[in-house]
Amino acid sequence: MTNRFFAFGCCALLPLAGMAQQRPNIIYIMSDQQAATDMSCAGNNDVKTPNMDRLAERGMRFTNAYCTLPLSGPSRTAMWTGYMPSVIGMEENETPLPDSIAVRTLGTLIENSGYDCALAGKWHVNTNSLPSEHAFGFKNIHQFMDNGLSESVINYLRNRDTKKPFFLVASFNNPHGICEYARRQNVPYGDIDLNPELADCPQLPANFAVSPYDASTLQFEKKRNQRLYPSYDYTPDDWRRYLYGYYRLTETVDAQIGQILEEMDRQDLWKNTIVIFSSDHGDGAAQHQWNQKTVLYESVANIPFIVCMPKGKNAGKVMPQLISNGLDLMPTVCDFAGVEIPKHCTGKSIRKVLESGKEDTPLRDYVVTETVFAQTAGTIGWMVRTKDFKYVLYDSGRNREQLFDMNNDRGEMRNLAVERRYHDILVEHRRMLSEWMDQNPSKLTRLKAKYIPRN
């Protein structure tokens with residue numbers, strides 16, 4: 001890896017005199033393994049999320065937000081560093097940050113600008129919790145555990161240094177407990193029924209079936225590791241119970257978020273606080289009979305992204321812009337905090353979009369998600385999402401190339417890559433992926449001529 005990938009350069013601060021209280025407080029609330037459609041405000045009638053809905057009512061909900069890599073460690077690495085995971089060798093869980101990057105995380109940048117920074121709950125960039133009482137720019141106010149997390153956040157808000165603006169992260173584990181639920185293990189956080197009555201369980205999703213032209217490598221990966229994918233021999237009834245568990249775990253997070261919002265009400269913090277809500281990746285959620293993450297299905301790569309501006313500016317808007325929650329978090333937070341955006345950031349500050357509240361405010365033409373099945377057979381893949389289409393490419397297997405119409409087939413049941421009339425659109429998406437690989441060199445992209453089909 002050359003040094004240019006590790007150089008942040010000098011991140012000069014904008015003039016701070018007299019502006020400490022004018023700069024907004026920033027609260028980042030994060031769940032784990034939550035799909036964008038796993039909220040009642042997204043039209044899902046099988047889950048009740050009144051507090052996430054409240055955030056959507058107070059803020060702007062982005063329907064086309066994607067993670068950088070659908071696995072916790074890599075996805076979170078992107079959030080805290082502004083790099084695509086593979087560019088800095090962080091495409092697997094349990095990989096420590098390179099030392100040169102660990103000292104220049106989002107937390108350190110914002111703390112050095114005069115903010116009080118605190119993190120409660122899941123860190124999961126190598127270690128589940130922050131490794132010490134103060135690390136990566138954050139005070140550690142609660143270890144990796146959902147129990148007591150909201151209480152620790154409330155305690156921080158009540159006892160913080162009011163002379164400083166704050167950057168507060170509340171990072172929940174659920175609904176990640178669906179992993180243990182799927183294996184019939186004890187769910188770590190959330191008292192839910194492991195054997196609910198079938199009549200109380202959701203119906204199967206409309207895209208429950210595996211598409212006839214789905215990538216064959218996905219079924220191969222599923223067979224390789226039944227511990228990760230115990231759903232290999234699930235019956236339809238098993239899947240319905242799975243969805244029941246998934247939604248109940250989401251509701252436990254929603255209730256805890258509600259406690260934080262109530263404290264914001266009590267302190268009237270909405271006047272000068274930006275609240276961002278998102279997740280590190282989604283879950284298969286029975287779509288295409290998939291559980292867990294890693295795959296590039298919409299239910300896995302498309303995540304919630306809601307931003308509440310101070311004083312409820314542009315409240316209730318539903319926005320179509322393409323968001324990379326990993327790459328865009330650093331430049332956006334820096335922009336609002338008055339910190340120069342690091343030169344290495346390939347993400348975009350979405351401040352102009354948030355301030356305009358207009359659907360046609362430009363941001364980017366496409367967003368890319370990458371993946372590595374590091375815990376099984378090692379399949380790698382990429383997704384290019386444009387305004388109207390989604391292109392998926394895996395490195396091996398039948399139908400490794402896919403194209404979906406995101407306006408008419410968000411459930412990804414019709415692979416247009418097998419139809420001649422979509423050839424020109426297919427070629428254009430190959431070109432964009434090739435361009436992106438050139439801009440993001442890594443061990444995953446160095447053999448692009450081998451991976452991207454020729455025109």
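The values are calculated or read from the model by the stated rules, or taken from the named source; none is laboratory data. This is a predicted model, so every value here is computed, not measured. Neighbour counts run over all protein chains shown; Cβ positions are idealised from the backbone, glycine included.
Numerical summary
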read-out: Number of the condition not met by residue 288 [criteria: (1) part of a helix (DSSP H, G or I); (2) at negative phi; (3) surrounded by fewer than 24 Cβ atoms within 10 Å (Cβ to Cβ)]; value: (2)
read-out: The listed residue being touching a residue at least 40 places away in the same chain (Cβ under 8 Å), closer than 25 Å to residue 446 by Cβ and in contact with a His (Cβ under 8 Å, 6 or more places away or on another chain), out of 386, 379, 371; value: 386
read-out: Among residues of the range 232-261, those that are within 29 Å of residue 121 (Cα to Cα) and in contact with a Phe, Trp or Tyr (Cβ under 8 Å, 6 or more places away or on another chain), counted; value: 8
read-out: Positions within the range 336-350 being under 19 Å from residue 114 (Cβ atoms) and charged (D, E, K, R), in sequence order; value: 340
read-out: Residue list for the range 83-142, restricted to those being of a type in the set (S, T, N, Q) and farther than 25 Å from residue 293 by Cβ; value: 100, 108, 112, 113, 132, 140
read-out: Filter result (surrounded by 15 or more Cβ atoms within 10 Å (Cβ to Cβ), in a helix (DSSP H, G or I) and modelled with pLDDT under 95) within the range 225-251; value: 230, 231
read-out: The range 93-129: number of residues that are at pLDDT 95 or above and among the polar types (S, T, N, Q); value: 7
read-out: Conditions (1) free of Cβ contacts under 8 Å to residues at least 40 places away in the same chain; (2) over 28 Å from residue 90 (Cα atoms); (3) among the charged types (D, E, K, R); (4) assigned to a loop (DSSP other than H, G, I, E, B): number failed by residue 446; value: (2)
read-out: Spans of strands (runs of 3 or more DSSP E) in the range 301-397 with at least 2 residues surrounded by fewer than 16 Cβ atoms within 10 Å (Cβ to Cβ), in contact with a Ser or Thr (Cβ under 9 Å, 6 or more places away or on another chain) and modelled with pLDDT of 95 or more; value: 317-324
read-out: Single residue of the range 396-455 satisfying the filter (within 29 Å of residue 283 (Cα to Cα) and small (Gly, Ala, Ser)) that is nearest to the chain's Cα centre (by Cα); value: 411
read-out: Of the criteria (1) without any contact (Cβ under 8 Å) to a residue 12 or more places away in the chain; (2) closer than 27 Å to residue 281 by Cβ; (3) β-branched (Val, Ile, Thr), which one residue 162 fails; value: (2)
read-out: So residue 410, is it outside any helix (DSSP H, G or I), in contact with an Asp or Glu (Cβ under 7 Å, 6 or more places away or on another chain) and farther than 19 Å from residue 69 by Cα; value: yes
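Here is a yes/no grid of residues against (1) within 23 Å of residue 302 (Cα to Cα); (2) in contact (Cβ under 8 Å) with a residue 40 or more places away in the chain; (3) surrounded by fewer than 24 Cβ atoms within 10 Å (Cβ to Cβ):
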residue	(1), (2), (3)
50	yes, yes, yes
57	yes, yes, yes
66	yes, yes, no
76	yes, yes, no
142	no, no, no
156	no, no, yes
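Conditions (1) buried (at least 24 other Cβ atoms within 10 Å of the Cβ); (2) assigned to a helix (DSSP H, G or I); (3) aliphatic (A, V, I, L, M), marked per residue:
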| position | (1), (2), (3) |
| --- | --- |
| 35 | yes, no, yes |
| 63 | no, no, no |
| 79 | yes, yes, yes |
| 83 | yes, no, no |
| 95 | no, no, no |
| 108 | no, yes, no |
